[in-house]
Amino acid sequence: MDYEEYYSSYKLKEKSIKESLKRQHTALNAMSRDAEKGDLKNFAKDLSNVKSLVSEYEGYLKEIRELTEGFDTKEYMQNGDFAKQMLTCCESQSLDVTGDYPVYEMFPLKVKIDGDNQDIYINNRRVPCARPQYLTADIKKNRDRLMRESFSANGFLSELAYAYDMFTLVKLNENKDGSHENKGGSHNNKLLLKDLYRYMAPMQRSRRAYDMQSYAFDLARLYSSDIEFTRDQRQFLFGTARYQSQNIRILDKSGKEAYVGTIEFIPNEDVSKTDGI
């Protein structure tokens, strides 16, 4: 049994419970009227009716308990059925998804299935959920909310350029001392975006508030923007890193998968020289 089958069965029993509650409410109102009028004969009949309805109600609750106990949530989430149905729901809701059980990326969100505890983690937010259809709808709602949030591409680019300059300065000083190699850059001044992230969120509490998924989302929005130059008129160029593990997966403006691993900021005079070749 998948969750939708369980849910359909539950909804039928829930309907019976609601109807039973309505009948109980009607019978209780009748008892109240009987007591007000002093009609104890009808009061006794209505009281018996309420007792019967309560017994019926308890029967429905027992059926729901047995139905729920018969649904093995842990097995459902561990054996792959939950993940399979989640991916089907993602497809029906046009959600970008990549990865394998138990960790998936639904850009710009990271989703982890914790089958042992029957929990889902969306980034670091714990979501107790055993219903794939509800989960994917929640993810889509969160993704759409993020997409609607205002974003200053120029502001983010300025912060990225500052991190680039700080990283370059530190590495130059280290190279002068001969104590370290420049892991992040190369002779053409390309730096790894993952290295710059540490400058964008230097402290652990900063990284909790601004995690790698948030960083990737901002990179995607900058990547899809029409901006070509920083405020000090340096051109910036994205590139891919040598190793796949150094790249960051994003989606472009058309929703297609892309990878960025490096960035380079080129001073205006160097751009002019390049254009003149």
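Please treat every number below as a calculation from the coordinates, not as lab data. Given the structure is predicted, the values throughout are model-derived calculations rather than measurements. Neighbour counts run over all protein chains shown; Cβ positions are idealised from the backbone, glycine included.
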(Q) With the crude spin-label approximation of a point 7 Å out along Cα→Cβ, what separation in nm comes out for D72 versus Y10? (A) 1.9 nm
(Q) Test of understanding: extend the Cα→C-beta vector of S206 to 7 Å, then name every residue of segment 146-165 with backbone N under 17 Å from that spot. (A) 155-165
Q: Diagonalise the Cα gyration tensor of the chain and give the resulting equivalent ellipsoid semi-axes, square root of 5 times each eigenvalue, largest first, whole Å.
A: 62, 20, 16
Q. Exposure proxy check: L135, L172 ranked by fewest other beta carbons within 10 Å?
A. L172, L135
Q. What number, in percent, do you get for the relative contact order of the chain if the mean sequence gap of Cα pairs under 8 Å and at least 6 apart is divided by its residue count?
A. 12 percent
Q: Kindly state, to the nearest 0.05, the FRET efficiency for R125 paired with K84, given R0 = 25 Å and r defined as their beta-carbon distance.
A: 0.60
Q: Work out the length of the dipole vector of the chain about its Cα centre, built from +1 on the beta-carbon of each Lys and Arg and -1 on the beta-carbon of each Asp and Glu, and round it to the nearest 20 debye.
A: 700 debye
Q) How much length is gained on full extension from N175 to N42, taking 0.36 nm per residue of separation minus their Cα-Cα distance? A) 38.1 nm
**Q.** Ranked list, fewest to most other Cβ atoms within 10 Å of each Cβ, for S245, S32
**A.** S245, S32
Q.
For the chain, what does the helix formula give at 222 nm: sum of -39500 (n - 2.57) over DSSP H segments with n ≥ 4, over the residue count, nearest 500 deg cm²/dmol?
A. -19000 deg cm²/dmol
**Q.** Sequence of E91, E159 once ranked by neighbouring C-beta atoms within 10 Å, starting from the fewest
**A.** E91, E159
Q: Just list whichever of K112/K256; K140/K253; K140/K194; K13/K37 have alpha carbons separated by over 29 Å in the model shown.
A: K13/K37
Q | Under DSSP loop assignment and at most 14 Cβ neighbours within 10 Å, longest trypsin sites (Lys or Arg not before Pro)-free interval of the chain | A | 1-182
Q. What's the FRET efficiency of T168 with N142 using the Cβ-Cβ distance as r and R₀ = 45 Å, to the nearest 0.05?
A. 0.80
Q) Mind checking which helices in the chain clear 30 Å along their axis (Cα) and have mean Kyte-Doolittle hydropathy of -1.0 or more, DSSP H runs only? A) 40-69, 153-177
